[in-house]
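Below: the structure, in structure tokens.
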Amino acid sequence: MPNFLEEIEIQLHFWPWSVEIPEESISLTGGCIEFSFCGSPVLSISHEAKLYIPSRMEQFKQLGTSYDNARYQVYETPHGILAGQAALKKLRIRIADKTFDVEFNARDAAARFISFIPGSASLSQKTSIAKYVDAWSQVFDDLCDKATDSIWEYTSEISWSVVLGYLSGIAKDATREPRKALIVSIAEDMINRLPVTVASARKILLRCRDFAPIHRFQESDVHCLRWYVQQPGRTKEEKAGNKQRLLAVVRKESFNTLENQVLKDFINRCYLESSRYLQGEVTQNKRESTRAMAVQSYKWICNTSLKETIFEEVAKPPHGIRPNYVLQQDTRYKKVWEWYKKLLKREHVEDSLWDWQSRTWADVMRLLIGVALDELRKKEKQKTQHGFLFEPLANAVLHLRLEQERGSRIVPDSLPGPFLITRIVNGMLCEKMVLEIVHPDIAQKHQIVKHLGRVGGHLYMVLYPLGSCSIKKRVFVFWSVNGAGGIEVDSDKMAISAYRALRQHYDRLSVRRLEFPSLRGMIVVSSLKEQNSKFFNGEKEKLPVLIIPAGPETWASAVDKLCVAIEEMLKKCYE
């Protein structure tokens, strides 16, 4: 196996920018690979090989384009194989008809649960980062609820201005309300519907054989007639015996239908989810909040409903439920079925989100940058003496996937821009530039960014000077680092590392390419420790670093920091 791995040349890199940086890379040549988790590591591998998560054979996601004459490709690394249990800390490499597993031991990578003791009650208690990953996903779910239907299938579209309003609303709610979750939406919608549905639960009449009094004997079948002729006596009264009962076909009411099986399982799951939410999300000072009270009341309704006698004979629903007419059309059960599907899907979705949380954080960064650019667009040139005027050249709206794709929700070509940027000096309009925003998933279509696969950027801004503009063509590289996924790393260490790596990448890329654009960069880091966003401007041999708390309630203020950071990057073009 070592010879095979050396042949396909697979390496792990500590940072997204560390591709082919020897001191920040490890060759995977067999055995268990140990390294210190720094946040969002990536893998590079020769293009003919493919990477998979062995537990479900899910393929890794490429980051940007291939590099070095299409010989190598960078891949994002799922957090699940870095911080999972021992049996899960491995990836699978497939090339041609051969497959091999590589094991990992990422020190300091955050675990998903507080305890992994089988049968322990603490098994379901999530760590802080696991709760925040769920919160990130909930943000995109809420935005989809606010969005309108898109002309594209399985997507929705929303204005960038609405996004900022939503983030501001989260910031206001955070002081008095716990995090919103799926069970909160269910409680708000079903708290009045559920008792009505249970009270009017659908029942059916089943044909069965049972002993009935003679005066109520109405229907029989072959089995009943066979029993009848075997009884002693000549008349029906004599055959009925002392109890005067005959075996007959009777009708009995039954609640054991598919729709009621779904209803019972739905109530059970809601009760458990309510308990988890109240235990894990509702702190002492928020027990009287609207969301906490709604979930608490809904939990009591679920507990009361489960004690109803109609559920005593109702069995568990079968696996792979195919909804019947009642679940799809009956007004009593239609809402139950819609929420039930989301509850069933939640577990699988959360597993995938945990694995690909670095991709989710990259989407968060793109979301915040998009909102920041929209805010810069709104600035009035009359009120600006020094700075930049942003004018959109196309009306772009945010497109979101209705379901996550390996942690990602933003459709790649729905970012804002391009923008016509005018420099303002002493209130006068001066030089003009065009700023283009490029997602790495569509980098292959871009004339410049398609050559930057080795850089590992999660977002690119390409600046084109117009007319007599004195600056050179530039590319701003934005990296997202999931610092919340492990022990906090010194921002200075990241800033120095990224600066040196970007300089080496430029030296390699500019060879034999005339007028290759200069490269500048910025790092956006998630943090569990910080309570407020912090922006560290790039100093000598350091790149700018923006630290954003993992909690969505702080993201509205992070947009202001990003506006400052983007303008600072543009100002440095003239220094």
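The values are calculated or read from the model by the stated rules, or taken from the named source; none is laboratory data. From a predicted model like this one, the values you see are computed outputs, not experimental measurements. With ideal geometry, Cβ positions are generated from the backbone for all residues, glycine too; neighbour counts draw on all protein chains shown. Just the protein is used for accessible areas: all its heavy atoms, side chains included, with ligands, DNA and RNA removed. Shrake-Rupley method; radii C 1.70, N 1.55, O 1.52, S 1.80 Å.
Annotations for the structure displayed:
- From the options LEU246, LEU205, residue that is in contact with a helix residue (DSSP H, G or I) (Cβ under 8 Å, 6 or more places away or on another chain) and either over 19 Å from CYS302 (Cα atoms) or of a type in the set (A, V, I, L, M, F, W, C) (or both): LEU246
- Within region 506-534, the set of residues being within 27 Å of the chain's Cα centre (by Cα), of a type outside the set (Asp, Glu) and surrounded by 18 or more Cβ atoms within 10 Å (Cβ to Cβ) comprises GLY521, MET522, ILE523, VAL524, VAL525, SER526, SER527, LEU528, SER533.
- Some residue of region 395-415 being touching a helix residue (DSSP H, G or I) at 6+ places or on another chain (Cβ under 7 Å), over 27 Å from HIS458 (Cβ atoms) and not aromatic (Phe, Trp, Tyr): no
- Any hit, region 492-505, residues being at pLDDT 90 or above, of a type in the set (Val, Ile, Thr) and crowded, with 20+ Cβ neighbours inside 10 Å: no
- Qualifying residue in region 550-568 (condition: in a strand (DSSP E or B), crowded, with 21+ Cβ neighbours inside 10 Å and of a type outside the set (Val, Ile, Thr)): no
- All conditions in (1) touching a strand residue (DSSP E or B) at 6+ places or on another chain (Cβ under 9 Å); (2) modelled with pLDDT under 90 hold for LYS542, with the sole exception of (2).
- Boolean, VAL282 is of a type outside the set (Lys, Arg), assigned to a loop (DSSP other than H, G, I, E, B), farther than 30 Å from CYS208 by Cα and within 32 Å of the chain's Cα centre (by Cα): yes
- Answer residue from region 285-305, given it is charged (D, E, K, R) and modelled with pLDDT under 90 and is least open to solvent (accessible area, probe 1.4 Å) among those: LYS286
- Count of region 211-221 residues, restricted to those that are open to solvent by 100 Å² or more (accessible area, probe 1.4 Å) and part of a helix (DSSP H, G or I), is 2.
- Being surrounded by 16 or more Cβ atoms within 10 Å (Cβ to Cβ), out of contact with any Lys or Arg (no Cβ under 7 Å at 6 or more places or on another chain) and either at pLDDT below 95 or not in a helix (DSSP H, G or I) (or both) is a property that GLU273 has.
- Filtered by the rule that a residue be within 15 Å of LEU143 (Cα to Cα) and either open to solvent by 10 Å² or more (accessible area, probe 1.4 Å) or in contact with a His (Cβ under 7 Å, 6 or more places away or on another chain) (or both), region 364-379 gives a lone residue, ARG366.
- Test for VAL250: is it under 30 Å from TYR325 (Cα atoms), in contact (Cβ under 8 Å) with a residue 12 or more places away in the chain and of a type outside the set (S, T, N, Q): yes
- Residue match in region 416-424 (condition: assigned to a loop (DSSP other than H, G, I, E, B), out of contact with any helix residue (DSSP H, G or I) (no Cβ under 6 Å at 6 or more places or on another chain) and either open to solvent by 80 Å² or more (accessible area, probe 1.4 Å) or under 12 Å from ASP363 (Cβ atoms) (or both)): no
This table checks each residue for (1) farther than 22 Å from ILE301 by Cα; (2) in contact with a Pro (Cβ under 9 Å, 6 or more places away or on another chain); (3) open to solvent by 30 Å² or more (accessible area, probe 1.4 Å).
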| residue | (1), (2), (3) |
| --- | --- |
| SER159 | yes, no, yes |
| GLY165 | yes, no, yes |
| GLY169 | yes, no, no |
| ILE183 | no, no, no |
| ILE186 | no, no, no |
| ASP189 | no, no, yes |
| ASN192 | no, no, yes |
| ARG209 | yes, no, yes |
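- Of the candidates GLU308, GLU259, GLU238, GLU313, the single residue that is open to solvent by less than 50 Å² (accessible area, probe 1.4 Å) and either touching a residue at least 40 places away in the same chain (Cβ under 8 Å) or of a type outside the set (A, V, I, L, M) (or both) is GLU259.
- Considering only residues in region 47-87 that are basic (Lys, Arg) and out of contact with any helix residue (DSSP H, G or I) (no Cβ under 7 Å at 6 or more places or on another chain), the one that is modelled with the highest pLDDT turns out to be ARG71.
- Listing of helices (runs of 4 or more DSSP H) fully contained in region 288-397 that carry 2 or more residues being closer than 30 Å to ILE421 by Cα and not β-branched (Val, Ile, Thr): 357-377
- Every pair of residues 6+ apart whose Cβ atoms lie under 7 Å, when the first sits in region 138-156 and is part of a loop (DSSP other than H, G, I, E, B) while the second is at pLDDT 90 or above and basic (Lys, Arg): TYR154/ARG401
- Pick from region 60-114, criterion under 19 Å from ASP351 (Cβ atoms) and β-branched (Val, Ile, Thr), ranking: surrounded by the fewest Cβ atoms within 10 Å (Cβ to Cβ): ILE114
- Residue in region 220-239 that is modelled with pLDDT under 80 and closer than 30 Å to LYS299 by Cα present: no
- Pick from region 535-549, criterion under 26 Å from the mean Cα position of the chain (by Cα) and buried (at least 21 other Cβ atoms within 10 Å of the Cβ), ranking: nearest to VAL455 (Cα to Cα): VAL545
- Candidates are the residues of region 426-449 that are over 19 Å from ILE45 (Cβ atoms) and in a helix (DSSP H, G or I); the one that is most open to solvent (accessible area, probe 1.4 Å) is LYS445.
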